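Here is the structure we will look at, set down as structure tokens.
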Amino acid sequence: MGASSPTIDVVSLRKALGGFLTGVTVVTTIDPQGLPRGMTANSFTSVSLDPPLVLICIGRTAASYDAFRQAKTFAISILGEDQRDVSGLFASKTADKFERSSWRREATGAPVINDALGWLDCSVHDQVAAGDHLILVGKVEGFGANEGAPLGFHGGRYVTFGVDTDTRDRSGGRSVFGALIERDGQILLFRDDAASEWRIPCGLHGADNRHGLAALRDQCRHFGIDVRLNFVYSVFTLDSGEVHIVYRGSPTDAPVTDGGAKVGARWFAMDDIPWDDISDRPVRSMLQRYISERSDDRFGIYAESGDGGAVAMLHGHPAPFGPEHVGRRS
Ligand SMILES: Cc1cc2nc3c(=O)[nH]c(=O)nc-3n(C[C@H](O)[C@H](O)[C@H](O)COP(=O)(O)O)c2cc1C
């Protein structure tokens, strides 16, 4: 470690690093006096499955630095989208973080935040001094996971990927699952004759007690197309208050019948989209973004938020993910 390099502008570096989208965790431990200590951290990374190892980086200027340096155990609580306040509390210098939050001890004695999306209870496996941070490598002794949407952090701001509560309330719970289905550079649209409009394939969540994704798939099957959905591409609200969650997808390799041959469904070349017959502005702008990103094969995931929304970029080719694919690259 030495003095900072004169060629590196720390503010610009911080900005560049902030372009990396992360989740948000609270890392916790017990200090030598037996008191719980903790801070918000997005430096969490999974390291190894066998043995099960994870790491976090603790800044030397943190008040809890010494507690983490001396710790034999620590825990990581992965925060959900409704836990921004918990993140704010643990990112602060408040002395009574634990009096103001709901937590429990896990087997190692380390505190875990209640209702977190996931938690990992760790024994310290290794410590590495790295510049102005200490890397703590933990061996996972216990863990748990809950359903829910994660809290994200990007460019110095929180981002969420689920549907926010205000929006849900405004829409009266109406959410629509849609899809941008592409085949050979063409996009699938369905005709809504009653409204004289073309629409992306959509399924209304809750109609007939069905999940919106199941309704979406059924609608495509009705037109003879079996779809594979890759990732959430956009989340936005129409003026009607309806929340749209739109996936990117493609037809599966096992075609049923050609949707183009059926009345009401048509594959449109990207330079032949019937813009005048798509009245919802957010749908039009999403399609325009898709077409422009398609040419680079780099896609942004759009999540609406109070401050204008945020887009996270990712490469266009979905790759298999899971233990069975580790080490294999497509
Ligand atoms: C989203 C977010 C992520 C953070 N990640 C880290 C991190 O990985 N490591 C770290 O040392 N501080 C990180 N911080 C800053 C600490 O949470 C902050 O300095 C906190 O006040 C430390 O608490 P303490 O001084 O009580 O120990 C992060 C803050 C935020 C808002």
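The values are calculated or read from the model by the stated rules, or taken from the named source; none is laboratory data. Being a predicted model, the structure only gives us computed values, none of them experimental. Here the Cβ positions follow ideal geometry from the backbone for every residue, glycine too, while neighbour counts run over all protein chains shown.
Summary table
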item	result
The range 144-182: number of residues that are at pLDDT 90 or above and under 30 Å from Ile225 (Cα atoms)	5
Residues satisfying the stated conditions in the range 264-278, i.e. touching a residue at least 40 places away in the same chain (Cβ under 8 Å) and exposed (fewer than 15 other Cβ atoms within 10 Å of the Cβ)	Gly264, Ala269, Pro274, Asp277
Residue that is farthest from Arg14 (Cα to Cα), among those in the range 40-54 that are part of a loop (DSSP other than H, G, I, E, B) and near the ligand (Cβ under 9 Å from one of its atoms)	Phe44
Conditions (1) surrounded by 18 or more Cβ atoms within 10 Å (Cβ to Cβ); (2) among the small types (Gly, Ala, Ser); (3) without any contact (Cβ under 8 Å) to a residue 60 or more places away in the chain: number failed by Ala214	(1)
Positions within the range 222-237 being in contact (Cβ under 8 Å) with a residue 60 or more places away in the chain, under 14 Å from Arg248 (Cα atoms) and of a type outside the set (S, T, N, Q), in sequence order	Phe231, Val232, Tyr233, Val235
Filter pass, Arg37 being within 8 Å of the ligand (Cβ to nearest atom) and basic (Lys, Arg)	yes
